[in-house]
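Taking it in order: structure first as structure tokens, then the write-up.
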């Protein structure tokens, strides 16, 4: 599985640590920036990361900003993206298992890097269940995307 990572300036330091952690787990990693802690805008990196998933350059993504909220909102504007802020382990794996979440969003000013590593591991190890009720619900989400596009 190929993983894409991205962050704005607020998430830069955490992204660097998570990047090495993900590589250490044996995943191939694509880094879409930012490449420094200089001020930057989260929508730019949310778009780059989401487009990498949409274009099948990566299977899943990890996106980091200060709170996780802005980056999550921006990423979800891209059709086919299911991004969520997760600051607990249950949500990090359940979001994949039930909702086929393809982007884990973290807030670097909300959680410590040790918890971030746990969340990333839960997210990456989780698999979509494929159960009928979850497929039906995701189908309805896709209909919403089409309806309001």
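Laboratory data are not the source of any read-out in this text; all were calculated from the coordinates shown. Treat the numbers as computed from the prediction; the structure is a model and nothing was measured. We place every Cβ from the backbone using ideal geometry, glycine too, and count neighbours over all the protein chains shown.
Computed from the C-beta positions of residue 136 and residue 1, the FRET efficiency with R₀ = 22 Å rounds to 0.30. Take every pair of alpha-carbon atoms less than 8 Å apart whose residues are at least six positions apart; their mean separation over the length of the stretch 2-147 yields a relative contact order of 23 percent. In the chain, the calculated helix contribution to ellipticity at 222 nm averages -15500 deg cm²/dmol per residue, counting -39,500 (n - 2.57) for every DSSP H run with n ≥ 4.
Look at (i) 19.2, 73; (ii) 15.0, 48; (iii) 14.3, 46: the one that is Rg and Dmax of the Cα atoms in Å derived from this structure is (iii).
Among 14, 1, the order by Cβ neighbours within 10 angstrom, fewest to most, reads 1, 14. If you line up the long axis of helix 132-147 against the longest principal axis of the chain, both from Cα atoms, how many degrees apart are they, to the nearest 10? It works out to around 80 degrees.
The residues 131, 13, when put in order of fewest to most other Cβ atoms within 10 Å, stand as 131, 13. If the label point is 7 Å along Cα→Cβ of residue 25, which residues in the stretch 113-149 have backbone nitrogen under 12 Å from it? From the stretch 113-149, the list is 116-127. Spin-label model, residue 127/residue 110: points 7 Å from Cα along the beta carbon direction are separated by 2.9 nm.
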